[in-house]
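Data block below; observations after.
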Amino acid sequence: MASIFSRIIAGEIPCYKVGEDDRFFAFLDINPLAKGHTLVVPKCEVDYLFDLDDETLAGMTLFAKSIAAKIKATTGCKKVAMVVLGLEVAHAHIHLIPMNTENDVDFRKEKLKLTPDEFSEIAAELSK
Ligand code: AMP
């Protein structure tokens, strides 16, 4: 069965899209730690990030870099953290999280509750 992220990429499940190219896709995390928290995924479905072939892993990092630049410019954060967990969804993904302090990337923190309008507004800003 296709992963939830493959179904998002295929347009079967809605998302707040931030960007895509022929190999990668970026969309807002639905349970964000901060406004602008984005997930970057490969369009090919591989569970574990480090099982990706070298070229795909390198390309994904460069794609994430371009998205991170937009997150930084849009949110004005100090840095964008790049975090890989992957225990919940078995489709390799990178979390990009606007960060001003280390506490901003503590996944035990309560997540933000954003309205659909807020998500749409952030996604629109990031996809410019
Ligand atoms: P992890 O596998 O531990 O990196 O966690 C998966 C992440 O995917 C979590 O932060 C979820 O909030 C996020 N997530 C799961 N389903 C969706 C979805 N349909 N749209 C956006 N983000 C999602």
Considering residues of the range 3-48 that are out of contact with any helix residue (DSSP H, G or I) (no Cβ under 6 Å at 6 or more places or on another chain) and of a type in the set (Asp, Glu) only, the residue farthest from Ala92 (Cα to Cα): Glu12
Looking at Ala90, is it under 17 Å from Phe27 (Cα atoms), loosely packed, with under 15 Cβ neighbours inside 10 Å and modelled with pLDDT of 95 or more? yes
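Taking into account only those residues within the range 53-82 that are open to solvent by 30 Å² or more (accessible area, probe 1.4 Å) and within 16 Å of the ligand (Cβ to nearest atom), which is farthest from Phe25 (Cα to Cα)?
Of the residues in the range 53-82, the ones open to solvent by 30 Å² or more (accessible area, probe 1.4 Å) are 53-55, 57-58, 61-62, 65-66, 69-70, 72-76, 78-80, 82.
Within this subset, residues satisfying the condition of being within 16 Å of the ligand (Cβ to nearest atom) are 80, 82.
Numbers: Val80: 18, Met82: 16 Å.
Step by step, filter the range 53-82, then rank; the result is Val80.
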Any residue in the range 9-36 that is farther than 19 Å from Asp104 by Cβ sitting within a Cβ distance under 7 Å of a residue that is assigned to a loop (DSSP other than H, G, I, E, B)? List the pairs, counting only those 6 or more apart or interchain. Ile9/Lys43; Lys17/Ser127; Gly19/Ser127; Arg23/Lys43; Phe24/Lys43; Phe25/Lys43; Phe27/Cys15; Phe27/Tyr16
Meets criteria (of a type in the set (Gly, Ala, Ser), assigned to a helix (DSSP H, G or I) and surrounded by fewer than 13 Cβ atoms within 10 Å (Cβ to Cβ)) for Ala123: no
Odd one out for Leu39, checked against (1) within 12 Å of the chain's Cα centre (by Cα); (2) surrounded by fewer than 22 Cβ atoms within 10 Å (Cβ to Cβ): (2)
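Any residue in the range 110-123 that is modelled with pLDDT of 95 or more, touching an Asp or Glu at 6+ places or on another chain (Cβ under 7 Å) and within 16 Å of the ligand (Cβ to nearest atom)?
To start, the set of residues in the range 110-123 that are modelled with pLDDT of 95 or more comprises 110-123.
Those still in the list that are touching an Asp or Glu at 6+ places or on another chain (Cβ under 7 Å) too: none.
No; the residues of the range 110-123 include none that is modelled with pLDDT of 95 or more, touching an Asp or Glu at 6+ places or on another chain (Cβ under 7 Å) and within 16 Å of the ligand (Cβ to nearest atom).
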Among residues of the range 4-19 being within 29 Å of Asn103 (Cα to Cα) and either touching a strand residue (DSSP E or B) at 6+ places or on another chain (Cβ under 8 Å) or more than 8 Å from the ligand (Cβ to nearest atom) (or both), the residue most open to solvent (accessible area, probe 1.4 Å) is Lys17
Can you name every residue in the range 83-108 that is touching a residue at least 60 places away in the same chain (Cβ under 8 Å), away from the ligand (no atom under 12 Å from the Cβ) and assigned to a loop (DSSP other than H, G, I, E, B)? Asp106
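The values are calculated or read from the model by the stated rules, or taken from the named source; none is laboratory data. Just so it is clear, the model here is predicted, and its values are computed rather than measured. Positions of Cβ are backbone-derived with ideal geometry, glycine not excepted, and every protein chain shown enters the neighbour counts. Quick note on the areas: whole protein, heavy atoms, side chains included, nothing else; ligands and nucleic acids left out. Shrake-Rupley method; radii C 1.70, N 1.55, O 1.52, S 1.80 Å.
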